[in-house]
Each structure stands twice: as structure tokens, then as C-alpha cells.
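First up is the structure itself, then whatever we jot down about it.
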Amino acid sequence: MYTPDEILDITIQMGKKKIAKPLSSKLLLGFVGGAMISLGYLAYIRVASSMIEEWGSFASFIGACVFPIGLIVILLGGGELITGNMMAVSAAWLDKKVTMKELLINWLTITVANIVGALFVAYFFGHIVGLTSSGAFLHETVTLAQGKVAASPLQAFISGIGCNWFVGLALWLCYGAKDASGKMLGIWFPVMTFVAIGFQHSVANLFVIPAAIFEGGATWSQLIQNFVPVYLGNIVGGAVFVSALYYKTLKH
């Protein structure tokens, strides 16, 4: 494991690399990022839904245990996820390695690509294939989506902070590990924890709420009203509670 000072330097370099990628790579990898997080959430639904009657709330914990596969694939196999970029690119900006304009363009680009990836999985795998459209799977999808949109803007914002504090730490530990098994463990525990708690992830919500919308269980206006405060909370969680906090303490 690298030291915290070394992890910060690695994070800054990763932030620079994210900015330097060509637009086509950002869009394709952003699509992968949105799709992989959504497939992780789809796995959660498929696993938990079939166990809820017998296992109760413990089924949600089992679902939380499979959710991290999405971020593991993104960080080890290749992908761009806006919540991760909120942490890594912010670190590079704090160190004056990238400009504010570059940061904002990167965030916008990856966000759009993540949206496309999430909607792709929600519509084609969830709705068309039918993995979220019937029985217990439909019930769990709509229940999860309604739980997200029922939060007030303040609740959604604060929940978004908690979520990306953990996602940012997952990246931090991944960058700090020296082998693949260490990286997977570093990703798995923080992500599993935020899912088990029930914190809100803007890209994951872009899967589960549209999946419910395609089945008549939510509306697009509810999605927008949820997305904005959760997204802003995710920015604070990743950029402030991880990048700024560690930059302030480690870069004396």
C-alpha cells in the first residue's frame, strides 16, 4: 500500500490523465462507466428481489455486496464515472495541474456519457429484456426508485455527499493499492457500505429511476428533481470531503 502522500500524488496524476484523453475516448469510456454502474445496480435488484421474502432486510445487504462489481470493472478494466472524476480531477485542479474550464468540460462530457450508458441499460436490459419489468423484480425496482424520489432536495443533497465520500475513498484506496486484489478490496468495502446505508449516487439513480419510469412507476420530472441535488451532493462528497480534505492535510 502506498502512503497517503503518495496516494495524493497518484490521484493528481490520474486527474491530469483524465483531462488529457481525447473526446472520443471520454465519451466511450463514459458510456462504459454509466453502463457498468447500472449493471451493478441491476445485479443488486436481481439478487435482492428473489430473497426479500425469506431474508428480509438482509437481502438488501446481499444486494449491496454485488453492487461494487460496476466500479471494480470501471477502475480495473477501464471506464469513466463522473463521481470518480469529481474526486480525481478536483485533486488535479487543487494542485493547479488543470484549469477550472478543463475540469468543468470534463465533468459535463463524462456526465452526458454516463447518462447514455445508464439509460441504455435501464431500457434495453431492464425493460426490453424484462429483467426489471415483472414480479418481484418490478416491485423492487419501483420501490427503490420511489424511495429515491421521495427524499426532499436537502435530504437528497446530503445523501449525495455521503455517497461520494465513500466512492471517493474507494478510488483513493484503489490508487493506493499495489496489486489487483488490494484494489478490488479497496473498492468493494466503501461501495458496499454506501449502498447498504442507502446513500444516493447520481449515476446509479439514472438507472433505477428510468427503469421504473419505463414500467410506469415514476416520472421524468421526478428524475430531474432528484438528479440535481444528488449530483451537487456528489460533487461536495468527492471534491470537498475527499480531495480538498486530503490535499489540505497532506500538502502543507
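In table form, for the structure just shown:
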| quantity | calculated |
| --- | --- |
| Some residue of the stretch 88-97 being in a helix (DSSP H, G or I), more than 17 Å from Phe207 (Cα to Cα), open to solvent by 10 Å² or more (accessible area, probe 1.4 Å) and in contact with a Leu (Cβ under 7 Å, 6 or more places away or on another chain) | yes |
| Some residue of the stretch 127-135 being out of contact with any helix residue (DSSP H, G or I) (no Cβ under 9 Å at 6 or more places or on another chain), open to solvent by 70 Å² or more (accessible area, probe 1.4 Å) and not in a loop (DSSP other than H, G, I, E, B) | yes |
| Matching residues in the stretch 64-87 - criterion: being in a helix (DSSP H, G or I), of a type in the set (Gly, Ala, Ser) and either in contact with a Gly (Cβ under 7 Å, 6 or more places away or on another chain) or open to solvent by less than 10 Å² (accessible area, probe 1.4 Å) (or both) | Ala64, Gly70, Gly84 |
| Pick from the stretch 22-51, criterion surrounded by 15 or more Cβ atoms within 10 Å (Cβ to Cβ) and without any contact (Cβ under 8 Å) to a residue 24 or more places away in the chain, ranking: farthest from Val112 (Cα to Cα) | Met51 |
| Test set (1) among the aliphatic types (A, V, I, L, M); (2) out of contact with any helix residue (DSSP H, G or I) (no Cβ under 6 Å at 6 or more places or on another chain); (3) touching a residue at least 24 places away in the same chain (Cβ under 8 Å) - Ile12 fails condition number | (2) |
| Residue that is under 18 Å from the mean Cα position of the chain (by Cα) and among the small types (Gly, Ala, Ser), where the choices are Ala145, Ala151, Ala136 | Ala145 |
| Filter result for Ser159 (under 14 Å from the mean Cα position of the chain (by Cα) and of a type in the set (S, T, N, Q)) | yes |
| Unmet criterion (only one of (1) surrounded by fewer than 18 Cβ atoms within 10 Å (Cβ to Cβ); (2) at pLDDT 95 or above) for Gly56 | (2) |
| Candidates Leu75, Leu94, Leu71, Leu104 - the one that is without any contact (Cβ under 8 Å) to a residue 40 or more places away in the chain and not β-branched (Val, Ile, Thr) | Leu104 |
| Helices (runs of 4 or more DSSP H) within the stretch 196-252 that include 2 or more residues in contact with a Ser or Thr (Cβ under 6 Å, 6 or more places away or on another chain) | 202-213, 220-235 |
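Here is a yes/no grid of residues against (1) in a helix (DSSP H, G or I); (2) without any contact (Cβ under 8 Å) to a residue 24 or more places away in the chain; (3) surrounded by fewer than 23 Cβ atoms within 10 Å (Cβ to Cβ):
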| site | (1), (2), (3) |
| --- | --- |
| Val142 | yes, no, yes |
| Gln146 | yes, no, yes |
| Leu154 | yes, no, yes |
| Gly160 | yes, no, no |
| Leu171 | yes, no, no |
| Lys178 | no, no, yes |
| Ser181 | yes, yes, yes |
| Trp188 | yes, no, yes |
| Thr193 | yes, no, yes |
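The values are calculated or read from the model by the stated rules, or taken from the named source; none is laboratory data. Because the structure is a prediction, the values reported are computed rather than measured. Neighbour counts are summed over all protein chains in view; Cβ atoms, including those assigned to glycine, are modelled from backbone coordinates with ideal geometry. Just the protein is used for accessible areas: all its heavy atoms, side chains included, with ligands, DNA and RNA removed. Shrake-Rupley method; radii C 1.70, N 1.55, O 1.52, S 1.80 Å.
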